[in-house]
Amino acid sequence: MRALGKLGLIVSWLAATVLAWGLVYSLVVRENVGAVQDFWALKRLLAYGAFLIAPALTFAPLGRLVRVPFLEIEAVAGWSTSLFVWTFIDPDQVRGPLAMLVVLLPLLVSVSSVFTLLSAAVELRLATRRAILPDPLRVRRRGYVLGLFSVGCLLLHSLEALTAINLGLLALIAFLVELLAMTWFAPVRERGDENGGSTGDRRRRNEYGRGAP
């Protein structure tokens, strides 16, 4: 009975998630809700709710499953903001650096949330096999590095500058960022009482001892 109950919950969650994203697709693509000018129009209000509910249904249970703190909050904020921006903001008006930041920052958060989720699933599987605790910091870091690379590729493509050389340079930048982050947040051993044999793991923020004690 318990197994059937869990199966029913999974099926219900999948159905609700598919319906929510289907509503988003219908409003944005078929109904062209972005062309509606009235901020308080019924279609736009329905779109606002769908933009929040769809990512919440998707990432709230998955974020808890992979044990990454605040992943669902990041995903809902990023995806809902990205859907709103890409639906209701005219691309011709996005010209200044600040306007580009308003478009690219939510996109970075939303894309990184997907990569963080995938990285966390792999990390949790490996941690279970090795009987160790998963590292949410490493998971989130990898998610944002991959998100930065993906958004950078999209930006280069939009500027018609996505060449093999630029793609290689962007990959090199992402690799250097990951390498620097691995060094910056490397786990180090903290010596404790030698008689008691106690040691503790702490994370250093840099090489000069300004990390958390």
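The values are calculated or read from the model by the stated rules, or taken from the named source; none is laboratory data. Keep in mind that what you see is a predicted model, and the values were worked out from it rather than measured. Here the Cβ positions follow ideal geometry from the backbone for every residue, glycine too, while neighbour counts run over all protein chains shown.
So here's what we get for this one:
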item: Residue 140 vs. criteria touching a Pro at 6+ places or on another chain (Cβ under 7 Å), in contact (Cβ under 8 Å) with a residue 60 or more places away in the chain and over 26 Å from residue 22 (Cβ atoms); result: no
item: Any chance residue 17 is touching a Ser or Thr at 6+ places or on another chain (Cβ under 7 Å) and among the polar types (S, T, N, Q); result: yes
item: Selection within the stretch 42-65 - under 17 Å from residue 111 (Cα atoms) and either of a type in the set (Phe, Trp, Tyr) or under 14 Å from the mean Cα position of the chain (by Cα) (or both); result: 51, 55, 56, 58, 59, 60, 62, 63
item: Among (1) surrounded by fewer than 17 Cβ atoms within 10 Å (Cβ to Cβ); (2) at pLDDT 85 or above - the single one residue 115 does not satisfy; result: (1)
item: From the options 95, 2, residue that is of a type outside the set (Val, Ile, Thr), under 22 Å from residue 155 (Cα atoms) and modelled with pLDDT under 90; result: 95
item: Single residue of the stretch 36-82 satisfying the filter (among the basic types (Lys, Arg) and part of a helix (DSSP H, G or I)) that is modelled with the lowest pLDDT; result: 64
item: Verdict on residue 103 being modelled with pLDDT of 85 or more, assigned to a helix (DSSP H, G or I) and either surrounded by 13 or more Cβ atoms within 10 Å (Cβ to Cβ) or among the hydrophobic types (A, V, I, L, M, F, W, C) (or both); result: no
item: Considering residues of the stretch 46-95 that are basic (Lys, Arg) and farther than 15 Å from residue 143 by Cα only, the residue surrounded by the fewest Cβ atoms within 10 Å (Cβ to Cβ); result: 95
item: Unmet requirement for residue 23, which otherwise passes all of (1) surrounded by fewer than 19 Cβ atoms within 10 Å (Cβ to Cβ); (2) at pLDDT below 90; result: (2)
item: So residue 147, is it buried (at least 17 other Cβ atoms within 10 Å of the Cβ), in contact (Cβ under 8 Å) with a residue 12 or more places away in the chain and closer than 24 Å to residue 167 by Cα; result: yes
